[in-house]
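Inspection log for the structure reproduced underneath, given as structure tokens.
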Amino acid sequence: SCDIPQELIENLRAANKIAILTGAGMSAESGIPTFRDALTGLWSQYNPEDLATPQAFEHHPRLVWEWYSSRRSLVRQVSPNQGHQALAAMERVVPTVTVITQNVDGLHQKAGSSRVLELHGNIHRVKCSQEGTIVGTWEETGTLPPRCPHCQALLRPDAVWFGEPLPQEPLLEAAEAVAACDVFFSIGTSGQVYPAASFVHFARRSHAEVVIMNTDEKAQDFPDFHRLNGPAGQILPELLQTVWPQM
Ligand code: NAD
Ligand code: APR
């Protein structure tokens with residue numbers, strides 16, 4: 001099992017507010033490849049940075065639409081892993097738990113987390129590329145991408161693409177949660193994309209304990225952060241068991 005410093009155990013037991021930033025590594029054990037791991041199968045010759053951009057959608061709308069459709073159907077087949085479930089269970093012993101996720105798979109909500117801020121949108125939602133309005137149902141047959149029933153513009157996934165601004169409301173709520181938390185976890189993210197990558201530094205400035213949880217011991221490697229190196233799906237259940245044995 002992972003060795004958790006006694007000081008961190010005490011701080012977690014005393015914590016009123018915990019904020020957790022998650023990235024693709026959180027869903028890796030559910031079977032969803034991370035962005036910077038080699039993409040497997042059909043899409044291995046493509047790089048997310050080349051597909052998840054407004055330019056890619058403008059020039060190859062069908063390709064981008066089909067890439068998201070394949071990821072959407074993959075996500076529909078997988079389940080939250082024990083890491084997602086442990087974060088949902090944490091709400092039973094900590095007054096305020098805020099999950100701030102860069103993931104678009106919706107697995108935190110599926111696991112039962114009640115406060116999830118989606119910084120990069122959600123691929124299960126589709127919106128009009130002109131009006132931005134969410135469209136509930138659409139045909140996946142015929143010419144793709146489908147068109148908006150209201151203005152005939154192309155529909156697109158409600159995911160934030162490289163270079164696009166993040167949705168204001170979740171970003172502002174995330175900033176508040178980071179500034180107010182007693183302990184801040186950064187789990188399964190390479191910390192290469194802003195503004196999410198700056199949250200660990202905001203948390204530190206606000207005198208929170210910062211805990212990095214990652215299989216890559218070099219990820220977000222800063223001196224005064226705690227590190228629990230290893231797969232989140234294994235470490236999070238162990239952490240809950242150790243810190244809150246009464247659960
Ligand atoms: P970027 O560097 O272009 O910045 C993204 C946004 O964050 C920009 O609007 C920028 O103004 C803002 N930003 C940048 N640095 C900031 C800072 N220090 N403080 C506050 N705001 C800052 O990011 P990117 O790498 O081009 O990616 C854009 C977004 O699209 C990212 O959030 C990325 O994760 C997301 N994305 C999503 C998917 C997906 O499938 N969901 C795929 C690729 C990228
Ligand atoms: N447990 C914990 N960490 C893991 C696990 C695991 N089981 N498996 C992989 N990791 C780590 C990897 O070591 C890596 O540091 O998860 C991280 C995944 O990093 P990325 O693939 O870069 O994903 P992420 O950080 O979420 O990317 C940020 O960039 O492409 C855009 O919008 C996209 O939201 C994404 C953003």
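Just to be sure I understand the model, the point goes 7 Å from the Cα along the line to the Cβ. What's the resulting Lys17 to Asp221 distance in nm?
Distance between label points: 3.2 nm.
How far apart, in nanometres, would the label points at Tyr194 and Glu49 be if each is projected 7 angstrom from Cα along the Cα-to-Cβ direction?
Placing both labels 7 Å beyond Cα along the Cβ direction yields 1.6 nm.
Calculate for the chain the 222 nm mean residue ellipticity that helices alone would give, adding -39,500 (n - 2.57) per DSSP H run of length 4 or more and normalising by residue count, nearest 500 deg cm²/dmol.
Mean residue ellipticity, 222 nm, calculated: -9500 deg cm²/dmol.
Show Thr96, Thr34 ordered by accessible area, largest first, where the area counts protein heavy atoms only and the probe is 1.4 Å.
Thr96, Thr34
If one puts a single equal scatterer on every Cα of the chain and applies the Debye formula without solvent, what log₁₀ I(q)/I(0) results at q = 0.12, 0.15 Å⁻¹?
Values returned for q = 0.12, 0.15 Å⁻¹ are -0.69, -1.03.
For Thr133, what accessible area in Å² do you get when you roll a 1.4 Å probe over the heavy atoms of the protein chains, rounding to the nearest 10?
Number for this one is 70 Å².
Would you tell me the accessible area of His59, worked out with a 1.4 angstrom probe on the heavy atoms of the protein chains, in Å² to the nearest 10?
Per-residue accessible area (His59): approximately 120 Å².
Considering only protein heavy atoms, what per residue accessible area in square angstrom results for the stretch 37-142 with a 1.4 angstrom probe?
Accessible surface, normalised per residue, equals 48 Å².
Once the convex hull of the C-alpha atoms of the stretch 157-247 is built, how many Å³ does it hold per residue, rounded to a whole number?
Output value, Cα hull per residue: 137 Å³.
Which GluC sites (Glu not before Pro) from the stretch 91-166 combine a DSSP loop assignment with at most 13 other Cβ atoms within 10 Å?
Filter output for the stretch 91-166: Glu131, Glu139, Glu140.
Over the stretch 1-128, what is the mean sequence separation of C-alpha contacts under 8 Å (at least six apart), divided by residue count, expressed as relative contact order in percent?
Once divided by the residue count of the stretch 1-128, the mean separation gives 29 percent.
The values are calculated or read from the model by the stated rules, or taken from the named source; none is laboratory data. Just so it is clear, the model here is predicted, and its values are computed rather than measured. For neighbour counting, all protein chains shown are included, and Cβ atoms are generated from backbone atoms with ideal geometry for every residue, glycine included. Heavy atoms of the whole protein, side chains included, go into the accessibility calculation; ligands, DNA and RNA do not. Shrake-Rupley method; radii C 1.70, N 1.55, O 1.52, S 1.80 Å.
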